[in-house]
1. Pairs under 6 Å by beta carbon, first residue farther than 23 Å from residue 39 by Cα in the range 89-108, partner in a helix (DSSP H, G or I) and of a type in the set (Ser, Thr, Tyr), six or more apart or different chains?
2. If a residue has to be among the polar types (S, T, N, Q) and assigned to a helix (DSSP H, G or I) to count, how many in the range 52-73 make the cut?
3. Taking helices (runs of 4 or more DSSP H) that do not extend beyond the range 74-170, which have at least 1 residues that are touching a Phe, Trp or Tyr at 6+ places or on another chain (Cβ under 6 Å)?
4. Run down 12, 83 and say which single residue is farther than 27 Å from residue 155 by Cα and not acidic (Asp, Glu).
5. For the subset of the range 27-65 comprising residues that are crowded, with 16+ Cβ neighbours inside 10 Å and among the hydrophobic types (A, V, I, L, M, F, W, C), which member is farthest from residue 151 (Cα to Cα)?
6. Taking residue 136 and the conditions (1) small (Gly, Ala, Ser); (2) free of Cβ contacts under 8 Å to residues at least 24 places away in the same chain; (3) surrounded by 14 or more Cβ atoms within 10 Å (Cβ to Cβ), which numbered condition does it fall short on, given that it satisfies the others?
7. In the set 116, 170, 125, 143, which member is among the β-branched types (Val, Ile, Thr), out of contact with any helix residue (DSSP H, G or I) (no Cβ under 7 Å at 6 or more places or on another chain) and buried (at least 17 other Cβ atoms within 10 Å of the Cβ)?
8. Only one residue in 123, 164, 154 is in contact with a His (Cβ under 8 Å, 6 or more places away or on another chain) and of a type outside the set (A, V, I, L, M, F, W, C), so which one is that?
Amino acid sequence: MRRVLIVVDMQKDFIDGALGTTEAQAIVKPVLEKMKTYENSDIYLTRDTHGENYLETAEGRKLPVVHCVRHTEGWRLHPEIEKQAQPSHIIDKPSFGSMELMELLCQENKKESLEIELVGLCTDICVVSNALLLKAAMPENRIRVDAGCCAGVTPASHQAALLTMEMCQIEIDGNCTAI
């Protein structure tokens, strides 16, 4: 069985930029440590990616905070995290969940069964969306989330997302407690 790590949206705007939080800042080091336990070829990263017209989109009308606009400083991955990534394994996603990532991992799963772990930001939006997509596409695979290597918009919404994922048979590992 091949172990795969998904690092979700560890970008400046979510860590210490437009939508940054102290909880997001606190998970950078644990995420870096987690990445060291995987082969680089088994690490995939997502990058929230918006255009200049963000405020005109459905998401922008509900969350009117410009963030992660392609090629801006806020869009960039945390530099230390990006150093550990293979450029071909960085997936830009225009929405919360990445269909491209799901399809890619489904193809990889046909070659060799995958065990998938997710970490990153934000637990209650993009982490939960990607975890649920992956579980729906590969219901027999072990899919888990390291709760201590994730942070939500608020601590309460982080906990709610963890409960939602657990109810959908996504394993929650709480050993890495940074928040």
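Every read-out reported here was derived from the displayed coordinates using simple, explicitly stated rules and does not represent laboratory data. Bear in mind that the values here come from a model prediction, so they are computed numbers and not experimental data. Backbone-built Cβ (ideal geometry, glycine too); neighbour counts: all protein chains shown.
1. Correct list of pairs: 96/129; 97/129.
2. Going residue by residue through the range 52-73, those that are among the polar types (S, T, N, Q) are 53, 57, 72.
Pick out the ones that are also assigned to a helix (DSSP H, G or I) and you get none.
Residues meeting the conditions: 0.
3. On the way: elements: 79-83, 99-111, 128-137, 155-167.
It comes to 128-137.
4. Working: 12 fails: farther than 27 Å from residue 155 by Cα.
Just one listed residue meets the conditions, 83.
5. 43
6. The single condition residue 136 does not satisfy is (3).
7. Values: 116 fails: out of contact with any helix residue (DSSP H, G or I) (no Cβ under 7 Å at 6 or more places or on another chain); 170 fails: out of contact with any helix residue (DSSP H, G or I) (no Cβ under 7 Å at 6 or more places or on another chain); 143 fails: out of contact with any helix residue (DSSP H, G or I) (no Cβ under 7 Å at 6 or more places or on another chain).
Going through 116, 170, 125, 143 in turn, just one is among the β-branched types (Val, Ile, Thr), out of contact with any helix residue (DSSP H, G or I) (no Cβ under 7 Å at 6 or more places or on another chain) and buried (at least 17 other Cβ atoms within 10 Å of the Cβ): 125.
8. On the way: 164 fails: in contact with a His (Cβ under 8 Å, 6 or more places away or on another chain); 154 fails: in contact with a His (Cβ under 8 Å, 6 or more places away or on another chain).
On inspection, the qualifying residue turns out to be 123.
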